[in-house]
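A quick write-up on the structure given underneath.
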Amino acid sequence: MSNSGQNPSPAAAEEARQIIKIIDLHKWFGEFHVLRGINLEVAAGERIVVCGPSGSGKSTMIRCINRLEEHQRGQIIVDGIELSNNLKNIEKIREEVGMVFQHFNLFPHLTILDNLTLGPIWVKKMPRREAEEIAMYFLEKVHIAEQAKKFPGQLSGGQQQRVAIARSLCMKPKVMLFDEPTSALDPEMVKEVLDVMISLAHEGMTMIVVTHEMGFAKSVAHRVLFMDEGRIVEENTPDEFFDHPEHERTKLFLSQILH
Amino acid sequence: MTVYEPIEEFTDLKPPVTSIGVLGWIRSKLFNNWYNSLLTLATLYLLVKVVPPFIDWAVINGNWNTTGAACHQSKGACWSIIHANIRFIMFGFYPPTEQWRPLLAMMLLFALLLVSRNRRWWSKYLGFAWLAGLVVMGLLMKGGLFGLPAVDSGQWGGLPLTLILSVFGLTAAYPLGVILALGRQSRMPAIRYLTIVYIEMIRGVPLISLLFMSAIIFPLFLPEGVTINKIIRAQVAIIMFTAAYVAEVVRGGLQAIPKGQYEAAESLGLNYWQTMRLIVLPQALKIVIPPTVSILISAFKDTSLVVIIALYDILKTTQSTLSNPEWMGFSTEAYLFLALVYFICCYFMSTWSRKLEKELQT
Ligand SMILES: Nc1ncnc2c1ncn2[C@@H]1O[C@H](COP(=O)(O)OP(=O)(O)OP(=O)(O)O)[C@@H](O)[C@H]1O
Ligand SMILES: [Mg+2]
């Protein structure tokens, strides 16, 4: 991959295929206008960090991408498939888009291994043996293979989140969405999860990450988006974004999270 | 600044001794303060007043294998009423020469239930065994094949009838209740309102009135000459009634499942039924095992209400022996026996549920 290094070149990303295209996206919760015209294009292999104040619609935006939330206006096109009420399309898109949640959302009644094989077996109709091989491969990758037979409740938060990442990877997604994956973790566990995400980034995975971990943004993101009140207010490379923010609101926000 | 003393060595301390021997136990559990002592004494007094006379009546002076007349002479319990009428109590009007058939059917049922108690034996084959078992039991009860004389279901009664009504009633009501609970959460308004109306209507009437309806009103709507077996009609009423209650309990369990579980399942690409079957129901049903079993136990006892539509379940057969002049007046003994039968069945259910709960704990 040409763009998997530390210093990404936007030109390379430009050339690559558009994997996500969001055009004039609007969403309302009842009367409340949450997303007010989002435009975003993501190239294959591109890594995007989204930040912004609480309630600005970051979660809602990425949840629209795999239809956990339904949008009311505009278009979302994932890998050439447009999200609509067509159930077949929704299923196809969900197979290609993995999601990692703030609170892990592992299935507590299943072992770690069963958590991972569930998707491949039931959605991809893979034989159990093959699914388990894949699951073990990804568990190795997140350094947690020895816990395969345990239940989620027996693991620490950081371990659970790594399992959750592995669970998504087992579906071989083309895009990974992360919604504040480290903000429910104790500080000493944040690093182990970020390390997994960084190694994923180096393999060229397309990622959209909602996070306030600025170190992560600086080291792997191609672009940082700043959202406020349902809009993308500012968008830039990490270096420019942190060193020379343009908008007042961005400056204010950065001064708050960087103390 | 505080400086903590280093702990010299790792010394294993024994847990503190709270009581020594039986006397210590009695002291600490029964006489540890004035009101507990008072309660203990009062309980002892009651036991002394009640237990010896009961043993006197039930065992020492009890009649086990006598005629009714002999019983009337004695001041002890007359267990002979059970002994002398056991066949009628157990099997009702089932032809006496054929009563080995319901007996065999019941034994088969108990065997299957016992095997099913152990979750390690739950498999496809156990499912097949149940199917085969039900067919054999039906064949034994009904006859008419393989040289077994046919026995009309009007003659079925006693314990087999109670068990049929309960086993079929509970096994059908449970899945139906789960489906109703899912329906009540459905995003489709038509389905949601239909299930709400159903559940609320059923819960709004007593089981007795449902049984009456099924026995008396329902046949009025059937065309001339068409009759539906009375047992089946009672069975349907019991299933409909129990399912509504199961539905509400299961709904409680469904509400306890966090939204994140649905979202994680959806984002993996599981569809609605897969999400329910693999993620939501296994967790929700486990949470509601205790209240569900309560409902099933009370449904089991409620099957005795079928007496009002003249079905001879074990309650009715037991009562009937009391109207025989020879055995009139021994209702205490008869009902104690009946209570024992019901208790054994209910106790089986409740221990099974506790066992299941423990095994499913993760
Ligand atoms: N299901 C919902 N129903 C109604 N309003 C909602 C719902 N989900 C989110 N909102 C509202 O939409 C707005 C945007 O929410 P969103 O979760 O996208 O914010 P966010 O940027 O992710 O914030 P945070 O940093 O706190 O996670 C908030 O004001 C929130 O209260
Ligand atoms: Mg959020």
remark   = Any DSSP H helix in chain B with Cα axial reach of 30 Å or more and mean Kyte-Doolittle score of at least -1.0? Listed by number, the hits are B:34-55, B:158-184, B:230-255, B:331-360
HN-Hα J in Hz across the range A:175-180 - Karplus 6.51, -1.76, 1.60, θ = phi - 60°, x for Gly and Pro = 9, 10, 9, 10, 10, 6
message = At 1.4 Å probe radius, can you tell me the per residue accessible area of the range B:95-151 in Å²?
response = 64 Å²
query = Which Cys in the protein assembly as shown stand alone, with every other cysteine's Cβ at 4.7 Å or more from theirs?
reply = A:C51, A:C64, A:C170, B:C345, B:C346
ask   = In percent, how large is the relative contact order of chain A, given Cα pairs closer than 8 Å and 6 or more residues apart?
value = 26 percent
request  = Excluding A:D79 itself, calculate the net charge of residues whose Cβ lies under 15 Å from the Cβ of A:D79, where each Lys or Arg counts +1 and each Asp or Glu counts -1.
outcome  = +2
key: Given charges at Cβ of Lys, Arg, Asp, Glu: the protein assembly as shown dipole, positive-most of B:T11, B:G177, A:A145   = B:G177
task = Can you bin the range B:155-360 into rounded, prolate or oblate? Criterion: square roots of the alpha carbon gyration tensor eigenvalues sorted a ≥ b ≥ c, rounded for a/c under 1.5, prolate for a/b above b/c, oblate for the rest.
result = oblate
ask   = Going by the alpha-carbon gyration tensor, a ≥ b ≥ c the square roots of its eigenvalues, is chain A rounded (a/c under 1.5) or, if a/c is not under 1.5, prolate (a/b greater than b/c) versus oblate?
value = prolate
key: Reachable lysines from B:K75, criterion Cα separation under 21 angstrom, eight or more residues apart if same chain   = B:K49
For A:R249, net neighbour charge (Lys/Arg +1, Asp/Glu -1) across residues whose Cβ lies under 12 Å away = -3
remark   = With only helices counted (DSSP H, runs n ≥ 4, each -39500 (n - 2.57)), the per-residue ellipticity at 222 nm for the protein assembly as shown, to the nearest 500, works out to -17000 deg cm²/dmol
task = Using DSSP to define loop residues, name the chymotrypsin sites (Phe, Trp or Tyr not before Pro) in the range B:197-237 whose beta-carbon has at most 10 other beta-carbon atoms within 10 Å.
result = B:F221
remark   = Surrounding charge for A:V224, neighbours by C-beta under 11 angstrom, Lys/Arg +1, Asp/Glu -1, total -1
task = Let me know the charge dipole size of chain B about its Cα centre in debye, to the nearest 20, where only the beta-carbon of Lys, Arg (+1) and Asp, Glu (-1) is charged.
result = 360 debye
query = Given DSSP loops and a limit of at most 14 other Cβ atoms within 10 Å, what is the longest stretch of chain B that contains no such GluC sites (Glu not before Pro)?
reply = B:10-223
note = In degrees, nearest 10, the alpha-carbon axis of helix A:157-169 is tilted away from the dominant principal axis of the alpha carbons of chain A by 90 degrees
ask   = If one takes the accessible area of chain B alone plus chain A alone and subtracts that of the pair, with a 1.4 Å probe, what total in Å², rounded to the nearest 100, results?
value = 1800 Å²
task = For the range B:155-360, give the magnitude of the charge dipole about the Cα centre (Cβ charges: +1 Lys/Arg, -1 Asp/Glu; no others), in debye to the nearest 20.
result = 500 debye
task = Quick one: which residues, 5 or more positions from A:R223 or on another chain, have an amide H under 5 Å from its amide H? H modelled 1.01 Å from N in the peptide plane, none for Pro or chain starts.
result = A:R47, A:V49
query = Picking from A:G158, A:H33, A:L87, whose Cα lies most toward the positive end of the charge dipole for chain A (charges on Cβ: Lys, Arg +1; Asp, Glu -1)?
reply = A:L87
Shape category assigned to the range B:95-151 from the gyration tensor of Cα positions, a/c cut at 1.5 = oblate
remark   = Ignoring trypsin sites (Lys or Arg not before Pro) buried by more than 10 other Cβ within 10 Å or outside DSSP loops, the longest site-free run in chain B is B:188-362
task = Compute log10 of I(q)/I(0) for the protein assembly as shown with the Debye formula, placing one identical point scatterer on every Cα and leaving out solvent, at q = 0.07, 0.09, 0.12 Å⁻¹, to two decimals.
result = -0.70, -0.92, -1.21
request  = Ignoring everything but the protein chains, give the 1.4 Å probe accessible area of A:H212 in square angstrom, nearest 10.
outcome  = 80 Å²
ask   = Over 26 Å between Cα atoms, which of A:K124/B:K358; A:K124/B:K259; A:K174/A:K218 qualify?
value = A:K124/B:K358
message = Please list, in order along the range A:21-36, the HN-Hα scalar couplings obtained from phi with the Karplus expression 6.51 cos²θ - 1.76 cosθ + 1.60 (θ = phi - 60°), rounded to whole Hz, x for Gly and Pro.
response = 9, 10, 10, 6, 7, 10, 9, 10, 9, x, 8, 7, 7, 7, 10, 10
remark   = Candidates A:R223, A:R63, A:R129; GNM for chain A (alpha-carbon contacts under 10 Å) flags as most fluctuating A:R129
query = What is the set of long-range amide H partners of B:W79 at a cut-off below 5 Å, with H atoms built 1.01 Å from backbone N?
reply = B:N63
key: Candidate residues B:M201, B:M137: accessible-area rank, largest first, probe 1.4 Å   = B:M201, B:M137
ask   = Between A:T237 and A:L87, what FRET efficiency follows from the Cβ-Cβ distance if R0 is 51 Å, with the result rounded to 0.05?
value = 0.85
task = Compute, for A:I23, the solvent-accessible surface of its heavy atoms (probe 1.4 Å) with the complete set of protein chains present, and express it in square angstrom to the nearest 10.
result = 60 Å²
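The values are calculated or read from the model by the stated rules, or taken from the named source; none is laboratory data. All figures in this text were calculated on a predicted structure; none of them were measured in a lab. For neighbour counting, all protein chains shown are included, and Cβ atoms are generated from backbone atoms with ideal geometry for every residue, glycine included. Protein only, heavy atoms only, side chains kept; ligands, DNA and RNA dropped before computing areas. Shrake-Rupley method; radii C 1.70, N 1.55, O 1.52, S 1.80 Å.
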